[in-house]
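In what follows, a structure is listed as structure tokens, so that the remarks can point back to it.
Each reported figure results from applying straightforward, stated rules to the coordinates on display, with no laboratory input. Treat the numbers as computed from the prediction; the structure is a model and nothing was measured. Positions of Cβ are backbone-derived with ideal geometry, glycine not excepted, and every protein chain shown enters the neighbour counts.
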Amino acid sequence: MKILRDSHEMCAWVRETRRTGLSIGLVPTMGNLHEGHMSLVRLSCRAADATVVSLFVNPIQFGPGEDFSSYPRTFDADVEKCRAEGVDVLFAPEAGALYEPDHSTYVEESMLSDGFCGVFRPGHFRGVCTVVAKLFNLVQPDVAVFGEKDIQQLRVIERMVRDLSYPIRILSGPTVREPDGLALSSRNRYLSDGNRKQAARIFAALQQARRTYADGERDAEVLCRAAAAVLSVAPDLRTEYLVVVDDRTLITRKKADPPARLLLAARLGKTRLIDNLRLDVPG
Ligand code: AMP
């Protein structure tokens, strides 16, 4: 496995790999790799001849007061995980290798980015789109893999790829969870023991809504209330949004006709957690 630190090395590898006719898969990450990330790596390894994992804590997708400086950085462990999975290139640029001090060009998706996390994290998706566009330009992947855990991000990237005509196939992988249902996330390590227990209510709430849906309920408000009742058992959990959307367009629904997805964001102390579940797909 090659570990590449700058864009020129990355481009040279891409040129050489393309010359030999191999297809390229890309898995963009911010490191601190867990099973969720590695499940996407496996998808890429199956879909493409060579896989690049990018590892970059992207400063421009963090707002003021967010956790950019405290975000967990575990480079050596990440290297070992990628090596064990047969990754071809770990692209881990320094911040300065991707952004010049006077960087002033951004990519903005202006419809799907607006609601939900876009409200609570202004500028977040602009930062995500910009770094993903840069990675696409540098790595020129045939396929790129993203997690359904961050469903809004996935839909925004799919839209960006369509609207900007990137010749890239976007693949997505299901959310990998802890045994109690909490979605794996680098931010879970911020949780105190007490908050960690409460965090399990997030998935329990989503499941409760899905059960209510399976019983025939289609009124979005009733489905959200069923989830909220489960969340209310966790005294420190503050819901930011809890909403039924169309799975493809992310437009809010009053009636949960398929394909319907429930989106949830909540804070536990300073930790912000997001999760989502398809209501019309049994799991
Ligand atoms: P991050 O490093 O948090 O930016 O995530 C990198 C990629 O991993 C994104 O496409 C995420 O959606 C995906 N991801 C994060 N957590 C999970 C999870 N628990 N299961 C599956 N994919 C995940």
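Number of residues in region 239-267 that are over 19 Å from L154 (Cα atoms), touching a residue at least 60 places away in the same chain (Cβ under 8 Å) and surrounded by fewer than 22 Cβ atoms within 10 Å (Cβ to Cβ) equals 1.
No other residue among V57, V53 is out of contact with any helix residue (DSSP H, G or I) (no Cβ under 7 Å at 6 or more places or on another chain), β-branched (V, I, T) and surrounded by 14 or more Cβ atoms within 10 Å (Cβ to Cβ) apart from V57.
Taking region 15-38 as the search range and keeping residues that are of a type in the set (V, I, T) and under 10 Å from A50 (Cα atoms), which one is surrounded by the fewest Cβ atoms within 10 Å (Cβ to Cβ)? Of everything passing the filter in region 15-38, T17 is surrounded by the fewest Cβ atoms within 10 Å (Cβ to Cβ).
Checked against (1) surrounded by 21 or more Cβ atoms within 10 Å (Cβ to Cβ); (2) under 22 Å from D257 (Cα atoms); (3) of a type outside the set (S, T, N, Q); (4) within 17 Å of the chain's Cα centre (by Cα), I157 passes all but a single condition, namely (2). Scanning region 188-208 for residues that are surrounded by 19 or more Cβ atoms within 10 Å (Cβ to Cβ) and within 15 Å of the ligand (Cβ to nearest atom) yields Y190, L191, A199, I202, F203, L206. Take S70 and tell me if it is in a helix (DSSP H, G or I) and farther than 16 Å from I3 by Cα. When the stated conditions are applied, S70 does not pass them. Within region 209-251, the set of residues being among the polar types (S, T, N, Q) and within 25 Å of T271 (Cα to Cα) comprises S232, T239.
If the condition is being part of a helix (DSSP H, G or I) and closer than 18 Å to N137 by Cβ, then region 8-43 contributes H8, E9, M10, C11, A12, W13, V14, R15, E16, T17, R18.
Within region 19-73, restricting attention to residues that are of a type in the set (K, R) and under 16 Å from P174 (Cα atoms), the residue that is farthest from the ligand (Cβ to nearest atom) is R46.
The set of residues in region 60-79 that are of a type in the set (S, T, Y) and either touching a helix residue (DSSP H, G or I) at 6+ places or on another chain (Cβ under 9 Å) or surrounded by 14 or more Cβ atoms within 10 Å (Cβ to Cβ) (or both) comprises S70, Y71, T74. The residue pairs whose first member lies in region 9-30 and is on the phi < 0 side of the Ramachandran plot, whose second member is exposed (fewer than 15 other Cβ atoms within 10 Å of the Cβ), and whose beta carbons are closer than 6 Å, counting only pairs six or more residues apart or on different chains, are L22/D49; S23/D49. Restricted to region 93-197, the set of helices (runs of 4 or more DSSP H) holding at least 2 residues that are closer than 23 Å to L250 by Cα comprises 117-120, 124-139, 151-163. Screening region 185-207 for residues that are charged (D, E, K, R) and without any contact (Cβ under 8 Å) to a residue 40 or more places away in the chain and picking the one that is nearest to A226 (Cα to Cα) gives R201. The numbered conditions (1) more than 10 Å from the ligand (Cβ to nearest atom); (2) under 30 Å from H8 (Cα atoms); (3) among the aromatic types (F, W, Y) are all true for F146 except (1).
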